[in-house]
Amino acid sequence: MTRLPEEVHSNKAFGWAAKDSSCVLSPFNFFTRETGEKDVTFKVLYCGICHSDLHMVKNEWGNSIYPLVPGHEIVGEVTEIGCKVQKFKVGDRVGVGCMVGSCHSCDNCMNNLENYCPKMIFTYGTKYYDGAVTHGGYSNIMVVNEHFTVSIPENLPLDATAPLLCAGITVYSPLRFYGLDKPGLRVGVVGLGGLGHLAVKFAKAMGTNVTVISTSPSKQKEALENLGADSFLVSRDQDQLQAAIGTLDGIIDTVSAQHPLLPLLGLLKSHGKLVILGIPGKPFELQVFPLIQGRKLLGGSMIGGMKETQEMIDFAVEHNIKTDIEVIAMDYVNTAMDRLLKGDVKYRFVIDIGNTLRPSS
Ligand code: NAP
Ligand code: ZN
Ligand code: ZN
């Protein structure tokens, strides 16, 4: 049975929530659990706005539970730890991404792939073990099992690190898993948003040659000059697409809306891989001929396991990878959601929770 947090817990918390699918967030008081034996409790300082938050607020995947407190790119400072916590102490800088629980005994969990555990618990909008619905990082406080908490090194800025917890690991993991991390390979990145701009940075740091494939010609200059991409294709320009047929070893597709896959399959060399990361509310249409001609592979990927998430953060430190962010106040969140929908952000909104979230009466 799904229970409201106030039926289960007594610790007061506050944040902003969507009360229905009308895409309006407003202040919301709720309750969290006490710090359990293996829990880390932390004050939320920054939280990124992922396009998944927007899909969820609008119930585009059909599984949203309201009131819904979004946010799964969360960083903060530890205020309390449970008696069996080993990795963290009070005052540590920590982060939490998309998941807060898994079974710890299935094959995926045993192989550090908690993200593919059938019993994985999402950071928000999912029933926790105690029956309460989880709430995310658009809030003042998080209580999370230490297994799902990562350490944020001192030399990483907290605000620009928050988006690594979802966007960063989501692009890092498939680049590794699908072998698109070898120097000299030609990698395409479709959709230059939050995920896409980090895919460019990680793929470049791995030594690949990166082509951005975008609907926005206005992003070309910056993609080449600031993000370090090697080339840029406007996806609605047939001549440009035609000239690039059969040139890419792999494509990371981060587009948040339904779009044609046929031209993307055409850009791949034989044995090329098209990896879908975006989760539009509507299904794709797939013509199989372009897939079977050239033995191409269509794959997907969802975030990454906890071990790989920490590895991704270490890689970001080593290669000085930072998210390009626009820091906003909590009460700007509805405007930010509108702008995100229009693609008007370079490249991630991050909410300054620590300084701008106020308790509501
Ligand atoms: P975002 O910042 O909004 O970026 C999406 C980009 O897609 C836009 O900047 C735009 O880039 C392109 N785009 C948008 N609408 C389009 C359309 N109708 N046709 C073609 N291109 C379009 O979103 P995000 O936060 O990066 O998230 C992207 C998607 O990944 C979302 O669906 C999100 O739910 C999903 N996601 C999946 C995972 C996972 O584990 N698989 C994790 C996080 C997020 P251009 O202007 O360059 O065309
Ligand atoms: Zn996300
Ligand atoms: Zn499991």
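The values are calculated or read from the model by the stated rules, or taken from the named source; none is laboratory data. Nothing here was measured: the structure is a model prediction, and the numbers come from that model. Virtual Cβ from ideal backbone geometry, glycine too; neighbours counted across all protein chains shown.
Some notes on this structure:
- Inter-residue pairs, beta-carbon under 9 Å, first touching a residue at least 24 places away in the same chain (Cβ under 8 Å) and outside the structural domain of GLY196 (by TED's automatic domain parsing) and in region 209-222, second of a type in the set (S, T, N, Q) and within 16 Å of ligand 2 (Cβ to nearest atom), 6+ apart: none
- Scanning region 194-225 for residues that are of a type in the set (Gly, Ala, Ser), out of contact with any strand residue (DSSP E or B) (no Cβ under 8 Å at 6 or more places or on another chain) and under 21 Å from CYS166 (Cα atoms) turns up just one, ALA205.
- Candidates GLY76, GLY131, GLY101, GLY179 - the one that is away from ligand 1 (no atom under 16 Å from the Cβ) and not assigned by TED's automatic domain parsing to the domain that holds PHE349: GLY179
- Unique residue being surrounded by 18 or more Cβ atoms within 10 Å (Cβ to Cβ), polar (S, T, N, Q) and part of a loop (DSSP other than H, G, I, E, B) when the list is SER105, SER64: SER64
- Exclusive hit being within 16 Å of ligand 3 (Cβ to nearest atom) and among the polar types (S, T, N, Q), set SER139, SER151, SER173, SER105: SER105
- Sole residue being in contact (Cβ under 8 Å) with a residue 12 or more places away in the chain and within 23 Å of THR309 (Cα to Cα), chosen from ASP20, ASP92: ASP92
- Exactly one residue out of PHE177, PHE202 is surrounded by fewer than 23 Cβ atoms within 10 Å (Cβ to Cβ) and among the aromatic types (Phe, Trp, Tyr): that is PHE177.
- Any hit, region 80-96, residues being over 16 Å from CYS166 (Cβ atoms) and within 16 Å of ligand 1 (Cβ to nearest atom): no
- Exactly one residue out of ILE252, ILE351 is within 16 Å of ligand 2 (Cβ to nearest atom) and assigned by TED's automatic domain parsing to the domain that holds ASP53: that is ILE351.
- Taken over region 227-244, the criterion of being in a loop (DSSP other than H, G, I, E, B) and either touching a strand residue (DSSP E or B) at 6+ places or on another chain (Cβ under 9 Å) or in contact (Cβ under 8 Å) with a residue 24 or more places away in the chain (or both) is satisfied by LEU227, GLY228, ALA229, ASP230, SER235, ALA244.
- Within region 36-58, being surrounded by fewer than 24 Cβ atoms within 10 Å (Cβ to Cβ), within 16 Å of ligand 1 (Cβ to nearest atom) and assigned to a strand (DSSP E or B) holds for no residue.
- Extreme residue, nearest to the chain's Cα centre (by Cα), among residues of region 289-318 that are over 19 Å from LEU113 (Cα atoms) and loosely packed, with under 13 Cβ neighbours inside 10 Å: GLU318
- Residues of region 108-132 classified as within 20 Å of the chain's Cα centre (by Cα), exposed (fewer than 14 other Cβ atoms within 10 Å of the Cβ) and more than 7 Å from ligand 3 (Cβ to nearest atom), total: 0
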